[in-house]
Amino acid sequence: MIKKNSISFGKSPLRLFYFVYPLYFRLIQVPRENHAVIRLLFKARVPKGMRVTFDFTSLVLRRALKKYKPAAGSALDIGTGMGAVLANYLRSISSLKIDGVDLVVERVKSSQTVCDYNRSGARIWQSDLFQNVEGKYDLVFHNAAYMPAGLIKDVLSGIGRADDKFWDGGEDIASIISRFFRQAAEHLNPGGTALLGVNNFYVPDEKILDLIKAGPLTLIDRVTMPFNPSSVYVLRAKEKADGK
């Protein structure tokens, strides 16, 4: 069972959340998986019969990518998901060389299929964050796993699908995000940008800001959208004492 202090509910009573969320999840699942909606929002065509989805954070990341895409160079999509919709969107609005990684092998295959179908030229492979990443990039972006451990089991039992467990941020969501900050700093080219997307319904803004202060990256902007609970934190490497 989820501990009451392990998730941010804002001012919503815990019982109300458990009652309302499954209904809400069913309602938003339809447009999130609709191929026409995905093509309209992310300019990505999905092969017939494939299941691809996006979430609130994907929408804010889409806005941040449009604003902060570099003029040239390379980009890395960390946790590319079921169809690499953000990688395909970025390729449609830029000439960047794009790579993508995901922890789940099935999602790697699915994303590569969608990328090939859209002729994006993106390469997708399996990696736990940057574990199997060797190069450096001008842009790194990540839609973080933010749901507290056990939420899918406790709240969405019978609704989610087998791979929905990979939304799970684990027992300590902060440790995953902190690891992303550390590793992203090591894989950014000089002047490179990192984008972290988080749903602040689950992880409060204050917690993310504390993690940023303790990490190797500095916050330069926070991208949001009206009526959307998610934020994208725009980060760059902190300058060293000698200015290099």
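The values are calculated or read from the model by the stated rules, or taken from the named source; none is laboratory data. Since the model is a prediction, treat every value here as computed from it, not as a measurement. Cβ sites come from the backbone with ideal geometry, for glycine too, and all protein chains shown count toward neighbours.
Is it the case that Ala174 is touching a Leu at 6+ places or on another chain (Cβ under 8 Å), among the aliphatic types (A, V, I, L, M) and either modelled with pLDDT of 60 or more or outside any helix (DSSP H, G or I) (or both)?
Judged against the criteria, Ala174 is a match.
Is there a residue in the stretch 226-237 that is closer than 15 Å to Ala174 by Cα and either out of contact with any Leu (no Cβ under 7 Å at 6 or more places or on another chain) or touching a residue at least 12 places away in the same chain (Cβ under 8 Å) (or both)?
Yes: one or more hits.
Of all the residues that make up the stretch 62-94, how many are in contact with a Leu (Cβ under 6 Å, 6 or more places away or on another chain) and modelled with pLDDT under 95?
0
Within the stretch 123-138, can one find any residue that is buried (at least 21 other Cβ atoms within 10 Å of the Cβ), over 19 Å from the mean Cα position of the chain (by Cα), at pLDDT 95 or above and not charged (D, E, K, R)?
no
Please go through the stretch 37-61 and pick out each residue that is buried (at least 23 other Cβ atoms within 10 Å of the Cβ) and not β-branched (Val, Ile, Thr).
Within the stretch 37-61, Phe42, Ala44, Phe54, Leu61 qualify.
Looking only at residues in the stretch 94-114 that are in a helix (DSSP H, G or I) and touching a Pro at 6+ places or on another chain (Cβ under 8 Å), which one is surrounded by the most Cβ atoms within 10 Å (Cβ to Cβ)? If you could, list the steps in order and put the result at the bottom.
So in the stretch 94-114, the residues in a helix (DSSP H, G or I) come out as 105-114.
Add one more test, that the residue is touching a Pro at 6+ places or on another chain (Cβ under 8 Å), and what stays is 113-114.
Numbers: Thr113: 17, Val114: 27.
Within the stretch 94-114, the match that is surrounded by the most Cβ atoms within 10 Å (Cβ to Cβ) is Val114.
Please determine whether any residue of the stretch 226-239 is closer than 15 Å to Phe141 by Cα, at pLDDT 95 or above and among the charged types (D, E, K, R).
Looking through the stretch 226-239, at least one residue is closer than 15 Å to Phe141 by Cα, at pLDDT 95 or above and among the charged types (D, E, K, R).
Looking at the stretch 116-138, can you tell me whether even one residue there is at negative phi, in contact (Cβ under 8 Å) with a residue 60 or more places away in the chain and among the β-branched types (Val, Ile, Thr)?
No, that holds for no residue.
Output the residue which, of all residues in the stretch 184-200 that are outside any strand (DSSP E or B) and buried (at least 18 other Cβ atoms within 10 Å of the Cβ), is modelled with the lowest pLDDT. Break it down into steps so the answer makes sense when it comes.
The first filter runs over the stretch 184-200 and keeps only residues outside any strand (DSSP E or B), leaving 184-187, 200.
Subsequent filtering for residues that are buried (at least 18 other Cβ atoms within 10 Å of the Cβ) retains 184-185, 187, 200.
Details: Ala184: 98, Ala185: 97, His187: 98, Asn200: 90.
Restricting to residues being outside any strand (DSSP E or B) and buried (at least 18 other Cβ atoms within 10 Å of the Cβ), the top hit is Asn200.
Just to verify a result, which residue in the stretch 2-61, among those that are within 27 Å of Ser111 (Cα to Cα), of a type in the set (D, E, K, R) and in a helix (DSSP H, G or I), is modelled with the highest pLDDT?
Filtering first and then ranking leaves Arg39.
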